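Every read-out reported here was derived from the displayed coordinates using simple, explicitly stated rules and does not represent laboratory data. Values in this document were obtained by computation on a predicted structure and should not be read as measured data. A quick note on method: Cβ atoms are made from the backbone with ideal geometry, for glycine too, and the neighbour counts reach across all protein chains shown.
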């Protein structure tokens with residue numbers, strides 16, 4: 001069983017997209033997955049109502065501060081993976097989800113303003129680790145990156161985070177039309193129609209790298225290294 | 001040649017070790033403690049607070065009375081209001097007195113006086 005929360009104190013960082021990509025990719029591997037949509041805007045719930053959601057993927061919406069912990073515990077007894085998509089704000093919901101998470105992923109775009117918000121979440125994780133005397137594994141996930149070019153700002157932010165021993169996923173989720181299309185058409189990346197959406201294979205590959213890296217983090221010993229070097233971007 | 005490069009992590013991800021949880025969460029953080037730590041760390045509750053509807057008592061006093069009076073009458077009037085409000089503060093009466101109520105009580109007293117004179 002693994003609970004993975006997507007947290008950011010800022011909206012538009014790519015939490016819901018990342019959550020759906022991870023969940024649908026895991027669901028293609030003969031396992032069971034629940035997404036708890038804890039964002040009041042319910043973007044994942046809306047996606048789930050479109051056709052093509054895998055049958056082994058359950059989406060639960062409408063949770064509140066009072067019900068989130070029970071919803072996570074209940075889902076963890078029913079499915080192998082629980083993915084929590086949180087609202088883009090600093091709230092009690094984020095704290096509650098972290099207390100039940102095996103991994104917290106912090107999506108952020110490659111700008112300093114976004115990275116500052118990511119740091120707020122990391123500082124809060126550190127506070128929780130001290131309060132509960134336990135490690136909360138986490139990693140920063142860069143999103144909406146350019147698959148061909150890695151700007152200097154992004155390189156600088158990655159270097160800064162690694163210097164501070166902040167774990168950064170080697171895989172960044174690129175800016176892909178297929179990711180937006182997923183929320184327009186519903187379903188999974190492989191089910192998207194190639195005549196309507198461009199470069200689906202690259203999106204599938206990018207997502208598979210992301211999933212594999214997340215699974216590797218979940219299976220890594222708790223006292224293992226927390227940082228890893230960011231890879232050079234793949235070419236489109 | 002395939003149009004899609006394989007993932008550098010390989011396409012087969014082994015998830016056999018992941019199964020649903022069987023028992024209760026060991027050493028689970030109680031929600032009350034999580035809430036306290038969150039609020040101390042600047043992650044407050046964002047849930048809407050449901051307050052009972054606040055409505056002022058319906059007195060029916062909606063019409064404005066505007067009159068020119070002497071400074072002495074004005075001061076006396078407000079002294080009476082202040083005295084009545086002081087009685088409310090110490091619990092001698094159960095409601096806060098308004099200017100409108102004092103006007104109405106003054107009228108009632110005047111009417112009683114006029115009736116007494118007429119009798």
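The distance separating the Cα centre of the stretch B:18-54 from that of the stretch A:54-120 comes to 12 Å. A Gaussian network model of chain B, with springs between Cα atoms under 10 Å, assigns the largest mean-square fluctuation among B:17, B:42, B:91 to B:17.
What do you get when you divide the Cα radius of gyration of chain A by 2.2 N^0.38 Å, with N the number of residues? Don't skip to the end; give the middle numbers.
On the way: Rg = 16.6 Å, N = 236, 2.2 N^0.38 = 17.5 Å.
For chain A, the normalised Cα radius of gyration comes out at 0.94.
Please say if the stretch A:96-202 is rounded, prolate or oblate, where rounded means a/c under 1.5 for a ≥ b ≥ c the square roots of the C-alpha gyration tensor eigenvalues, and otherwise the choice is prolate for a/b larger than b/c and oblate otherwise? Note, shape of the stretch A:96-202 comes out oblate. Computed over the stretch A:146-204, the range of Cα coordinates on each principal axis works out to 43, 20, 17 Å, biggest value leading.
Of the peptides A:6-15, A:66-75, how do they stack up when ordered by the mean number of other Cβ atoms within 10 Å, highest first? Mind showing how you got there, number by number?
Working: A:6-15: 23.4, A:66-75: 18.4.
The packing order, highest mean first, is A:6-15, A:66-75.
Here the stretch A:46-104 is treated as an ellipsoid with the same Cα gyration tensor; its semi-axes, largest first and in whole Å, are 21, 14, 10.
Taking each DSSP H run with n ≥ 4 as -39500 (n - 2.57) and averaging over every residue of chain A yields -13500 deg cm²/dmol at 222 nm. Each Cα pair of the stretch A:1-58 feeds into the Kirkwood radius, which the Stokes-Einstein equation turns, at 4 °C and 1.567 mPa s, into a diffusion coefficient of 108 µm²/s.
How big is the C-alpha Rg of the stretch B:71-118 next to the rule-of-thumb value 2.2 N^0.38 Å, as a ratio?
Numbers: Rg = 12.6 Å, N = 48, 2.2 N^0.38 = 9.6 Å.
Dividing the Cα radius of gyration by 2.2 N^0.38 Å gives 1.32.
GNM remark for chain A: springs join alpha carbons under 10 Å apart, and the peak mean-square fluctuation among A:169, A:218, A:21 falls on A:218. Taking only Cα atoms and a 10 Å spring cutoff, compute GNM fluctuations for chain B and point out the largest among B:30, B:53, B:20. Most flexible of the set in this elastic network: B:20.
When the helices of chain B are scored as -39500 (n - 2.57) per DSSP H run of n ≥ 4 and the total is divided over every residue, the value at 222 nm lands at -13500 deg cm²/dmol.
If you count, for every residue in B:41-54, the Cβ atoms of partner chains within 10 Å of its Cβ, what is the mean?
Numbers: counts 11, 6, 16, 5, 5, 9, 6, 1, 0, 0, 0, 0, 0, 0.
Per residue, the average neighbour count from other chains is 4.
The average projected area of chain B, computed from the convex hull of its Cα atoms over all directions, is 23.5 nm².
Taking label positions 7 Å along the Cα-Cβ direction at both residue B:75 and residue B:63, the computed distance is 3.2 nm, reported to one decimal.
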